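J.: I have a structure here, written as structure tokens, and I will follow up with some questions on it.
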Amino acid sequence: MKKLNLLTALFFCSYTFSQTNIIQDGDGETSLQTSGNLITFNTAKTSIGFMLSPFEITNMSKQIWSITGSLGSKEGTSKIFSKGKLNFEGKLGFQFVTVSDTAGGEKGIKHWFFGAETLYSRLNAFDSLKKFEDQIYVQNNLGFRVNGGWNRQSTKKRYSFGIAISGGLKDNSDELDPNDIITSSSSFSEGNQIRTLSTTESAYDITELEKNNLFGKINMDFGRYLGSNKRLFANLHINYSFQENVKPKLNPAIGLFYTEKGAPLEAIVGMQLQTEDWGNTQNLKLNKWERTGIIITAGFPFD
């Protein structure tokens, strides 16, 4: 039986988070990494992703090679193809996971994982110094990310813990809001009233857009299995991120999940409460409650 994981986020403000995997935060970050064949959907980021695990080696432990990728839009489905231009972002890479039993009399499993991926973004840029007809143009940006980590689950002692570190190079478009560029074509007047025909196109200001910025993230998870059947899982997630020319920010989350029998990191259903930028280092004009949202997790089996 395979499983399609559908995860949805409900937020109290215009900041929308979503995730598309198992026990991750709203940005898809986690240290509780597992492996398997997944098709994932992220409604907030308008993206579709996958994980395919065609290679598996079993000896003293299990080694699993996976191919991972995603493709989507930063600004919704209506912006993927606009004004005859294709705008999207995506990533493609691999992941290697080693799964083994914990040592001694402690019943449980542990995962070591490592991965790398190429990042790609294709977006509209605006440069006021160019000729008028060339001011809005498509810019292609490449980057990369490497990540690694470890997690451990003990069903006997009822806990789970994980840590993951990632870093690489990318553009800073995730930290920017695109501008609405208005182009007027003609106008009509009647008396003292004027009506102007115009078109609007979203584009990033080239003076703000930066390539090859260093970035890094640290993810930690601390979980506890509850109940007699040990399938109810409470988890505290901490995500600390930094990027070149941007102040670091902390995005904590706390959640409760009901997990698959025999698969302590695979959630059937769950809910998380996450705050974006706990210390408001980005000086957002929103209070902490408005930067907090509810993330709903649900898994549906399919043949």
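J.: Of Val99, Val146, which has the most accessible area with a 1.4 Å probe, and how do the rest follow in descending order?
T.: Val146, Val99
J.: For Lys131, tell me the accessible area in Å² from a 1.4 Å probe, rounded to the nearest 10.
T.: Surface open to solvent at Lys131 totals about 140 Å².
J.: Moving on. So, with a 1.4 angstrom probe, what is the percent of accessible area on the range 234-303 that is carbon and sulfur?
T.: 66
J.: If R₀ is 30 angstrom, what is the calculated FRET efficiency for the pair Ser184 and Arg122, using the beta carbon separation as r and rounding to 0.05?
T.: Efficiency, rounded to the nearest 0.05: 0.65.
J.: Here is a further query. Taking a threshold of 28 Å on the Cα-Cα distance, which of the pairs Lys91/Lys156; Lys130/Lys211; Lys62/Lys261; Lys130/Lys247; Lys211/Lys249 fall above it?
T.: Lys91/Lys156; Lys130/Lys247
J.: Projecting each Cα onto the charge dipole of the range 111-223 (Lys/Arg +1, Asp/Glu -1 at the beta carbon, about the Cα centre), which of Ile136, Ser187, Asn212 comes out farthest on the positive side?
T.: Asn212
J.: While we're looking at this one, here's another question. Taking the Cα centre of the range 165-258 as origin, sum charge times position over the Cβ atoms of Lys and Arg (+1) and Asp and Glu (-1), and report the length of that vector in debye to the nearest 20.
T.: 860
J.: Sticking with the crude label model, points 7 Å out along Cα→Cβ, report the distance from Leu92 to Phe242 in nm, one decimal please.
T.: 3.3
J.: Further question on the same structure: Could you order Arg291, Arg158 by accessible surface area, starting with the largest, using a probe radius of 1.4 Å?
T.: Accessible-area ranking of Arg291, Arg158, largest first: Arg158, Arg291.
J.: Over what distance in Å are the Cα centres of the range 229-301 and the range 130-184 separated?
T.: 17
J.: For the residue pair Lys288 and Phe222, what label-to-label distance in nm results when each label sits 7 Å from Cα along the Cα-to-beta-carbon direction?
T.: In this crude label model, Lys288 to Phe222 measures out at 1.7 nm.
J.: I've got another one for you. Please arrange Leu256, Leu38 by accessible surface area, largest first, computed with a 1.4 Å probe and ligands excluded.
T.: Greatest to least solvent exposure: Leu256, Leu38.
J.: Over the alpha carbons of the range 213-303, what is the largest minus smallest coordinate on each principal axis, giving the biggest first in Å?
T.: Sorted largest first, the three principal extents are 46, 28, 28 Å.
The values are calculated or read from the model by the stated rules, or taken from the named source; none is laboratory data. Remember, predicted model here, so these are calculated numbers, not experimental data. Cβ atoms come from the backbone with ideal geometry, glycine included; neighbour counts cover every protein chain shown. Each accessible area value is taken on the protein alone, full model and side chains, heavy atoms only, with ligands, DNA and RNA left out. Shrake-Rupley method; radii C 1.70, N 1.55, O 1.52, S 1.80 Å.
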